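The values are calculated or read from the model by the stated rules, or taken from the named source; none is laboratory data. Keep in mind that this is a model prediction, so the values were computed, not measured. Here the Cβ is made from the backbone with ideal geometry for all residues, glycine too, and neighbour counts use every protein chain on show. For accessibility, only protein heavy atoms count, side chains too; no ligands or nucleic acids. Shrake-Rupley method; radii C 1.70, N 1.55, O 1.52, S 1.80 Å.
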Amino acid sequence: MSEDKTKLDGPDLSQGVPLSSLAEGAMLLGHTQGEPLILVRHGDELFAIGAVCTHYSGPLAEGLLVDDTVRCPWHHACFSLRTGEALRAPALNPVSCWRVEQRDGKAFVREKIENTGREGGPATSGMPASVVIVGGGAAGSAAAEMLRREGYAGRLTMLSADEAAPYDRPNLSKNYLAGSAPEEWIPLRSSEFYKEQSIDLQLGVRVAAIDTAKREVRLAGGGHQSYDALLLATGAEPVRLALPGGDLPHVHYLRTLADSRALVAKALVSKQAVVIGASFIGLEVAASLRARNIDVHVVGRESCPMEKILGTEVGNFIRNLHEEHGVTFHLGTTATSIDQRSVTLQSGEIIPADLVVIGVGVRPAIALAEQAGLAIDRGVTVDEYLETSVPGIFAAGDIARWPDRLTAERIRVEHWVVAQRQGQTVARNILGRRERFDAVPFFWTEQYDFGLAYVGHAEGFDEAKIDGQLAARDCTITYRRGGQKLAVAVIHRDLEGLRAEVEFERTIAAREAHSARAGAPS
Ligand SMILES: Cc1cc2nc3c(=O)[nH]c(=O)nc-3n(C[C@H](O)[C@H](O)[C@H](O)COP(=O)(O)OP(=O)(O)OC[C@H]3O[C@@H](n4cnc5c(N)ncnc54)[C@H](O)[C@@H]3O)c2cc1C
Ligand code: FES
């Protein structure tokens, strides 16, 4: 997912293009002064912003215009056409923005407009004097950054049990593990960033307890930290398998950068791997290990990988994809023991292995929330503002179970973009915005040269309708329950994925408008 940034497509927009060539709602890809950009007409206005997404360099010209924003086709980041600001994760940085002049029936892209950030900043009265964030992952880091972007000037502390500063966790099972992403791509920010932003990032610091009466967190190593507002963003932990040999040194789990580094080091000297678990992490690991030419066997309890989430047809397709890349599946069974050289299955089969990776799911890390007496329901219960049962304490990311606007059910998901967007919403709510979390869930997976993006949330569906050619990797799968459209997965149809996201958002908005008209609480 990288593109050649030196290649400039389209016209030099500083030379001017006829206004008649700029259709409403279309994007013209061009360049100026060596930089690619898109020129857009929105009503009577013209906008020019950078054409390369600041997340993984996705091509914004192939994205979707929605009002005065553009959404990236790859992982649905959203940028303002007016300012270039990254309005939605996973992009964290703005794109450049240029002034456009209309003259003699033409549009000319002129000088760059300095991104001055938001005007003003929040009123300081009623602001919490200090914010503590527990967790330095997707939700925690996105919240810390958004607090500063929104102008919060108070004390801001991020406590993370991880030894590494916030990093790109999804990459750990993909390019980084496959050896195609260098280590320097992994941190989300430079080491100076947190100092510059006055974010007191404390690494290797585990919070052991929360005293909600005293408004302080107690640290495992001793000491405490007081807060006025608190965000719990402790993520999830891999489910550990208690089986003989499960703690041998060649048995790995994958959650942290340290885990991935250890796995890479072991992969360099391994020939045969057994991956226990046939869901996303297991299959992404299998693909990455195949890229390193390691013989891979995947063991899973299910009869069809990912069937529960993606349906039988897509599950079988993914299985075939892996088999074409040389992976051997052992499904409908599980591992019963591991020794130095092999893994024994319930079926009695013995598979040679000098590397074992266990990816059998995660559990939300809710011990702190439980200890603090917060309401728990298979996750930390939050309201639509992502506030827990204790005022002033918020939860976001893998631990949060929130009222989903689309299904009207309480859901908890384990998606990178959702965690970041929740962190961003919490930041604004800490500043008193009372913003409902209504983003439609989104995740993606990459295995070999295959990519799938998923919008919505279908926890149980009775229909998975495929439109297009699955075998040709060009299709849209719509998941319904009781006739209600709950989620859409797209395979190499990025624009369809974006359109589905917008459609879900409009459904939510229409429902809320209806409830408001009816005078009912929404
Ligand atoms: C290998 C891998 C690949 C993935 N790929 C994808 C993908 O392709 N697409 C996708 O949508 N999602 C993916 N995910 C899921 C995604 O990474 C998670 O949903 C996301 O990271 C959740 O963010 P979070 O902030 O809730 O938790 P995390 O990012 O896990 O962060 C939790 C933080 O809390 C800290 N912490 C925990 N307990 C304490 C404590 N008591 N005190 C202090 N700190 C504490 C941890 O050290 C960590 O810093 C992947 C996950 C993994 C592991
Ligand atoms: S490349 Fe644009 S959102 Fe990922």
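Being within 16 Å of ligand 1 (Cβ to nearest atom), part of a loop (DSSP other than H, G, I, E, B) and more than 16 Å from the chain's Cα centre (by Cα) holds for only one residue in Ala439, Ala458, and it is Ala458. Of the residues making up the stretch 394-414, those that are within 16 Å of ligand 1 (Cβ to nearest atom) and surrounded by fewer than 22 Cβ atoms within 10 Å (Cβ to Cβ) are Arg401, Ile411, Val413, Glu414.
Only a single criterion out of (1) part of a helix (DSSP H, G or I); (2) closer than 25 Å to Ala453 by Cα; (3) open to solvent by less than 10 Å² (accessible area, probe 1.4 Å) is not satisfied by Asn316, namely (3). Do the conditions hold for Gly359, that is, is it within 14 Å of ligand 1 (Cβ to nearest atom), open to solvent by less than 40 Å² (accessible area, probe 1.4 Å), among the small types (Gly, Ala, Ser) and farther than 24 Å from Val131 by Cβ? Yes. Just need a number here: residues in the stretch 247-276 that are touching a Phe, Trp or Tyr at 6+ places or on another chain (Cβ under 8 Å) and either closer than 23 Å to Gly135 by Cα or at pLDDT below 95 (or both). Residues in the stretch 247-276 being touching a Phe, Trp or Tyr at 6+ places or on another chain (Cβ under 8 Å) and either closer than 23 Å to Gly135 by Cα or at pLDDT below 95 (or both): 3 in total. The single residue among Gly204, Gly235, Gly151, Gly245 that is within 21 Å of the chain's Cα centre (by Cα), of a type outside the set (D, E, K, R) and at positive phi turns out to be Gly235. For Gly120, the conditions (1) modelled with pLDDT under 95; (2) within 25 Å of Arg215 (Cβ to Cβ) all hold with the exception of (2).
Look at Gly379 and say whether it is in contact with a strand residue (DSSP E or B) (Cβ under 8 Å, 6 or more places away or on another chain), over 29 Å from Asp259 (Cα atoms) and open to solvent by less than 40 Å² (accessible area, probe 1.4 Å). No: the conditions fail for Gly379. Being modelled with pLDDT under 95 and part of a loop (DSSP other than H, G, I, E, B) is a condition met by no residue of the stretch 49-64. Within the set Glu196, Glu145, the sole residue that is within 22 Å of Arg421 (Cβ to Cβ) and at pLDDT 95 or above turns out to be Glu145.
Scanning the stretch 1-38 for residues that are in contact with a strand residue (DSSP E or B) (Cβ under 8 Å, 6 or more places away or on another chain), among the small types (Gly, Ala, Ser) and modelled with pLDDT of 85 or more yields Gly10, Ser14, Gly16, Ser21, Ala23, Ala26, Gly30. The requirement of being within 30 Å of Ser288 (Cβ to Cβ) and in a strand (DSSP E or B) is fulfilled nowhere in the stretch 495-512; no residue meets it. Checked against (1) outside any loop (DSSP other than H, G, I, E, B); (2) of a type in the set (A, V, I, L, M); (3) open to solvent by 10 Å² or more (accessible area, probe 1.4 Å); (4) away from ligand 2 (no atom under 16 Å from the Cβ), Leu87 passes all but condition (4).
Filtering the stretch 474-522 down to residues that are exposed (fewer than 15 other Cβ atoms within 10 Å of the Cβ) and basic (Lys, Arg), which residue is farthest from the chain's Cα centre (by Cα)? So the residue we want is Arg517.
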